[in-house]
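See below for the structure under consideration.
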Amino acid sequence: MGNQTSYRLGIVGFGNMGGAILSGALSGGILSPDSVQVYDVDAKARERAQALGANVMDDDAGVCEQSDIILIAVKPQQLSLALEQCGSGIAGKAVLSIVAGVGSTRIRERVQGDIRLLRLLPNTPALVGAGAFALCSDNDFHDGELRWASRLFASLGTVELLPEYQLDAVCGLSGGGPAYAAMFIEALADGGVRQGLARPVALRLAAQTCFGTAKLILERGMHPADLKDMVTSPAGTTIEGCAVLEDKAFRSAVIDAVSAAAERSAQL
């Protein structure tokens, strides 16, 4: 199996992220629907998987038995039960885990038999093909499996290969980042509404401003400080706003938010 370029994928848990990964893999031509097996305890989730053309199985054990690579996409509190229900069918397989805060050692302890394991952390913009994925470099996937997994997640956004000890930091940054960014967009729009803009207009302008800023930084390789300097004219309007953000400890609050989330991830 290590030399294969195509694998049968099993998905245990079909929530938003599991669905996003499958949708991206299908649209990118990395998977064909008939090579995918899915199970979720929720009937509506199973219906979504079936609508995408995947094979919906009767249980987690059936997913494992019919797949080469298993994606564990359940919530942390559901992991032990899911792995128990996978049974011995998961033994000897390559396993991808997107379960936040649960390290490789704990996963292996709960599996019946030996597995090859690759932990990774996605984030919710993967739903629109703009995700950020951190893949654990401390893995024992075969070369072909790792290339396949990297290609799969690259079809849904950007991929970074990082040691496992850094995944808690990733959880705090890009894992929680969409929530922080959404709060900023909401607040930015509120400021516009306060100054007389209609709510739909303010939201569109705020969201597009953040989208465009991120695109500019990524595509031109700009440092955020350089972009800030482009916008802030001497004695102008923007520097007045920046001064208020500095006075309110905006950057310090964001740094503390990332740190708090990372520390919580390490506690799970």
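The values are calculated or read from the model by the stated rules, or taken from the named source; none is laboratory data. All values reported here derive from a predicted model rather than from experimental measurement. Here the Cβ is made from the backbone with ideal geometry for all residues, glycine too, and neighbour counts use every protein chain on show. Surface accessibility is based on the protein's heavy atoms, side chains included, excluding ligands, DNA and RNA. Shrake-Rupley method; radii C 1.70, N 1.55, O 1.52, S 1.80 Å.
As a test of reading the structure, rank F153, F184, F211 by solvent-accessible area (1.4 Å probe, protein chains only), most first.
Working: F153 0, F184 75, F211 125 Å².
Largest accessible area first, the list is F211, F184, F153.
Kyte-Doolittle mean at least -1.0 and Cα extent at least 30 Å along the axis: which DSSP H helices of the chain qualify?
What comes out of the filter, once short or polar helices are dropped, is 199-220.
Near K248, which lysines are there with a Cα under 23 Å away, not counting those fewer than 8 places off in the same chain?
Candidates past the 8-residue exclusion: K228.
Give the separation of the Cα centroids, segment 89-116 to segment 1-58, in Å.
A separation of 19 Å, based on Cα centres.
Could you work out the relative contact order of segment 145-268, using alpha carbon pairs under 8 angstrom and six or more residues apart, expressed as a whole percent? Don't jump to the answer; show the numbers that get you there.
On the way: 56 pairs, mean separation 47.7, N = 124.
RCO, segment 145-268: 38 percent.
Using a/c under 1.5 as the rounded threshold, could you call segment 24-158 rounded, prolate or oblate? The axes a ≥ b ≥ c are square roots of the C-alpha gyration tensor eigenvalues, and prolate needs a/b larger than b/c, oblate otherwise.
Rounded, since a/c falls under 1.5.
Pick out, from M57, P125, N139, the residue whose Cα sits farthest towards the positive end of the charge dipole of segment 55-147, with +1 on the Cβ of Lys and Arg and -1 on the Cβ of Asp and Glu.
P125
Can I get the semi-axes of segment 183-246's equivalent ellipsoid? Compute them from the C-alpha gyration tensor as square roots of 5 times the eigenvalues, in angstrom, largest first.
Over the Cα atoms of segment 183-246, the ellipsoid semi-axes are 22, 17, 9 Å.
Taking only DSSP H segments of four or more residues, each worth -39500 (n - 2.57), what value at 222 nm results for the chain once the sum is divided by all its residues, to the nearest 500 deg cm²/dmol?
-15500 deg cm²/dmol
Kindly sort T158, T237 by accessible area of their heavy atoms, largest first, with the probe set to 1.4 Å.
Solvent-accessible surface, decreasing: T237, T158.
Provide Rg over Rh for the chain; use the alpha carbon set for both Rg and the Kirkwood Rh (inverse mean inverse pair distance). Walk me through the intermediate numbers first.
On the way: Rg = 21.1 Å, Rh = 20.3 Å.
That ratio is 1.04, to two decimals.
Averaging sequence separations of C-alpha pairs under 8 Å and six or more residues apart, then dividing by the length of the chain, give the relative contact order as a whole percent.
Working: 425 pairs, mean separation 41.4, N = 268.
Here the relative contact order equals 15 percent.
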